[in-house]
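Here is the structure we will look at, set down as structure tokens.
Rule-based calculations on the coordinates, nothing more; no lab input. Treat the numbers as computed from the prediction; the structure is a model and nothing was measured. With ideal geometry, Cβ positions are generated from the backbone for all residues, glycine too; neighbour counts draw on all protein chains shown.
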Amino acid sequence: MGPASVIDTGDTAWVLGAAALVLFMTPGLALFYGGLVRSKNVLGTMMQAVAAIAIVSVVWLLAGYTLAFGPDVGGVIGGLAHVGFRGVGEVPHALAPTVPHTAFAAFQLMFAVITPALIAGAFAERVRFGGYVAFVALWSLLVYSPLAHWVWGGGFLGAAGIGALDFAGGTVVHISAGAAALAAALFVGKRRGYPRGNFAPHNVPMVVLGAGILWFGWFGFNAGSALGANGLASSALLATHLGAAGALIGWLVPERLRHGKATAIGGATGAVAGLVAITPAAGFVGPVAALAIGLIGGAVCFAAVELKARMGYDDSLDAVGVHMVGGLVGAVLTGVFASLLVNPAGADGGWLQVGRQAAAAGVTLAFSFGATWLILLVVDRLVGFRVTPESEEAGVDVAEHGESAYAFREHGRHATPPMAAMTEEELSELRERLVLEATARVLEAIDHDAGR
């Protein structure tokens, strides 16, 4: 029987569309992270996400894919049958029997792309671009690909091994990225002046827009993991949405109780935390359970972020508090709420399944943290990882990329150079204009109050 007789065009269209949605998440992450940093670091932060698309795509083609989904070798790694995408064509892979092998490989590539980009949130504003490039290439090959094989590719953690459930990447993507983020934050050290200086996000609307794109793309991330246009995909899509909605509420309620305000950044971060928490469970739980996972995930991630200062590490954009903690919550609660009525290929929740989930999470934490530390040691020794104090003070945009995100005013068709490149006369003119604008706003506020 030829390959055309087993390929389903509807399934193929959905998997290809889902792959595009997952790719769109990485630019969404660039906006989300870019808005959270100071203005002098926004381009460098966004470049880290964008660069991961190209770096990981090359690594995936050459060797990453075959190590993750090649023929199993002892439950530990994939064989080399698909080096350079050899044998990846129209004939389906066993894990996705109704779509072309190329569609499955492309879909899985987009997961591999965004995972190391998530780690960058932990060391934002203080690393060299060259060091980051080397780190992403090594981490994708040596950490992500083995983990993907252990859980999804026939390795010892998934269905062929201990039986841990991970529908769309709670362990493979989020716990692994979160553990790597913790290792990186500890290895790199705190930002200059942290936590005493002003590290407030420079563009909150950008953060909200990025979170919205992530929410949208996450439907491909989770529902696409059904690998077909079917009832399981629709169930996973609904669970994904309810998990995010529940976590937004689960974050904002304790934030309002503790700080007296429900913030836009809190809502955006809470939604992402819910998407993280529901990811391993999306294809195994019903709507009510998905909402519960979201509510719990949002509240627990809020508490984790609140505790960050007491823990003494500088996780710049809360990659640890959202992805590691949210992934752990989701993995464990998958063991609580999973139901064979939702997915006959899964398991029913109970203490045994919770134990399996905890074991997989523990292995992932230990492996990702340890391997990340070793990779950082090698990269730092070979090319250097952290920027100099002078570059950090100036901002990575100018120091690493030679450009600035924002111009203060326009001279005809040419934008004013960044402040670091201004003459004394231009700086004096800028200061005078800013003082006049601030004075005008104060006078306007006084007149408004007097007229009440």
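The table below gives the values:
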{"quantity": "Likely footprinting exposure, 58, 173, 204, fewest C-beta neighbours within 10 Å first", "calculated": "58, 204, 173"}
{"quantity": "Two-decimal log10 I(q)/I(0) for the stretch 8-154, as the Debye equation yields it once each C-alpha is a single scatterer, q = 0.12 Å⁻¹", "calculated": "-0.51"}
{"quantity": "Exposure proxy ranking, count of Cβ atoms within 10 Å, fewest first, for 123, 337", "calculated": "337, 123"}
{"quantity": "Zero-based 5 Å bins, Cα pair distances in the stretch 282-386, whole percents", "calculated": "2, 12, 16, 17, 18, 13, 10, 6, 4, 2, 0"}
{"quantity": "Integer Hz, Karplus 6.51/-1.76/1.60 couplings in order for the stretch 175-180, x for Gly and Pro", "calculated": "5, 5, 5, x, 5, 5"}
{"quantity": "Descending semi-axes in whole angstrom, ellipsoid equivalent of the chain, from the Cα gyration tensor", "calculated": "40, 25, 21"}
{"quantity": "Order of 65, 406 under a 10 Å beta carbon neighbour criterion, fewest first", "calculated": "406, 65"}
{"quantity": "Percent RCO, i.e. relative contact order, over the stretch 3-390, from Cα pairs under 8 Å lying at least 6 residues apart", "calculated": "22"}
{"quantity": "Residue 39-residue 6 pseudo-label distance in nm [points 7 Å out on the Cα-to-Cβ vector]", "calculated": "5.8"}
{"quantity": "Alpha-carbon centroid distance for the pair the stretch 336-367 / the stretch 91-158, whole angstrom", "calculated": "22"}
{"quantity": "Whole-number D in µm²/s for the stretch 221-322 (Stokes-Einstein; Kirkwood sum over Cα pairs; 20 °C, 1.002 mPa s)", "calculated": "156"}
